[in-house]
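The values are calculated or read from the model by the stated rules, or taken from the named source; none is laboratory data. The structure presented is a predicted model; accordingly, all values stated were derived computationally and were not measured. So basically every Cβ, Gly included, is an ideal-geometry build from the backbone, and we count neighbours across all protein chains shown. Remember, those area values only see protein heavy atoms, side chains included, never the ligands or the DNA or RNA. Shrake-Rupley method; radii C 1.70, N 1.55, O 1.52, S 1.80 Å.
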Amino acid sequence: MSSLALPHVTFLGGHPRRTGETAGLTAVLDRSGIDLRRPIRRFLRLPWPALRGLDIRTPGLLAMALDRHGLRSDGAHVDLHLDEGVCRLHVAGAPAPELRERLAAWAADAAGPGEPLPGTPPPPPRQVRGPVDVARMSLDIWRAADVGRETVTDRGTLAYRLAVAEDHRHCGRFAEAVALLEPLVAGASAAFGQLDEATLTVRNALAQTYLAAGQVDDGLDVLREVVAAAEHRQGADGDLTLVIRNNLAIGYQQAGQYAQAIELHERNIRHSERRHGRLSRQTAGRRNNLAATLALAGHRRRAIERYWEVLDALSDGGAHDDTLAVTARQNLAILHNPSWRP
């Protein structure tokens, strides 16, 4: 299928070069973008890279009453987000679920078989400039390790050292972060117990540092242990369990092991629905994580379906401008471009 034609389209405004309402158009989607055509000539051209978001839905009665762009209930309206505004279309005779399905099927077919993004390679080694820089780096690591060996006396001390280690990690100083965190895990376990929430948080931070440093197997080993410990302490639905299970899924994704990552995201969604509700923002965020992993794994159509679920859940909550909603619309625009590859 080289292109998809949608007849009975009405332009409702929002594009800076077009004003007013124009009926009797046909929207033609191909690999280069979206053409809005009159019977004789082109009305408007929207290249895929120009789109910053996509939304398709059938408006409710209240939305139609409040909107000034002539929304109708006999089909679906399409919002094409651009840098300059939102170009709004109405497609007659096509309810939103049907139109979403047609566009997703066309995009997946036009794109062809998906290929997963390879696993993330380890970061390049830190650059050193001469023997003085080598000595300074060694001294930094020694200082971090020396601080990490001090006895953990209270939770404030633990939180401070964890914050210092996280600062090292975010700055790319992974060796220093590991030198702080490895003994800090032992100190937290001795002071508060292996299943204490603070201990689990430090172990999770250590795993994240291993992953960031490219030590993927070490990071996955720690996260598997921490997920099991968190489930034992909080249960499968606990908030910390949900966070750490998500981190384990991201670790598998980093390793290119998408089947394991997808299975963990799906489990997290089920547990989040049970704890927070199907339409909660927490659950929407975990659906967003699953959609992103599906896209990187080459499952374009499944990813599109999950992003629509994110938008629908947030729309029911009235959070049209929620950052998750904005991200979902952006990724839907990207995924409907057949030329996009992970």
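Before moving on, here are some points about what is shown:
- Going through (1) open to solvent by 20 Å² or more (accessible area, probe 1.4 Å); (2) at pLDDT 80 or above; (3) in contact with a Leu (Cβ under 8 Å, 6 or more places away or on another chain); (4) not acidic (Asp, Glu) one by one, Val147 falls short only on (2).
- Tally of residues being in contact (Cβ under 8 Å) with a residue 40 or more places away in the chain, within 19 Å of Gln330 (Cβ to Cβ) and either basic (Lys, Arg) or buried (at least 19 other Cβ atoms within 10 Å of the Cβ) (or both) across the range 250-296: 8
- When residues of the range 313-342 are limited to those that are touching a residue at least 12 places away in the same chain (Cβ under 8 Å), of a type in the set (D, E, K, R) and out of contact with any Gly (no Cβ under 9 Å at 6 or more places or on another chain), the one farthest from Ala111 (Cα to Cα): Asp316
- Of the residues making up the range 305-325, just one is surrounded by fewer than 17 Cβ atoms within 10 Å (Cβ to Cβ) and modelled with pLDDT of 95 or more, namely Glu305.
- Index of the failed condition, Leu6 passing every other in (1) more than 15 Å from Ile334 (Cβ to Cβ); (2) in contact (Cβ under 8 Å) with a residue 24 or more places away in the chain; (3) open to solvent by 60 Å² or more (accessible area, probe 1.4 Å): (3)
- Selection of the range 15-29 for residues being open to solvent by less than 50 Å² (accessible area, probe 1.4 Å) and touching a Leu at 6+ places or on another chain (Cβ under 8 Å) yields His15, Leu25, Thr26, Ala27, Val28, Leu29.
- Whether a residue is open to solvent by 10 Å² or more (accessible area, probe 1.4 Å), under 24 Å from Glu197 (Cα atoms) and touching a residue at least 12 places away in the same chain (Cβ under 8 Å) was assessed, and Val243 passes this test.
- Checking each residue in the range 179-195 for being open to solvent by 20 Å² or more (accessible area, probe 1.4 Å), of a type in the set (A, V, I, L, M, F, W, C) and within 13 Å of Leu206 (Cβ to Cβ) picks out Val185, Ala186.
- Flag not set for Asp74, criterion: open to solvent by 20 Å² or more (accessible area, probe 1.4 Å) and modelled with pLDDT of 85 or more.
- Filter pass, Leu294 being closer than 21 Å to Leu248 by Cα and at pLDDT 95 or above: yes
- Candidate set from the range 255-271 (those that are polar (S, T, N, Q) and more than 16 Å from the chain's Cα centre (by Cα)); member that is nearest to Glu115 (Cα to Cα): Gln257
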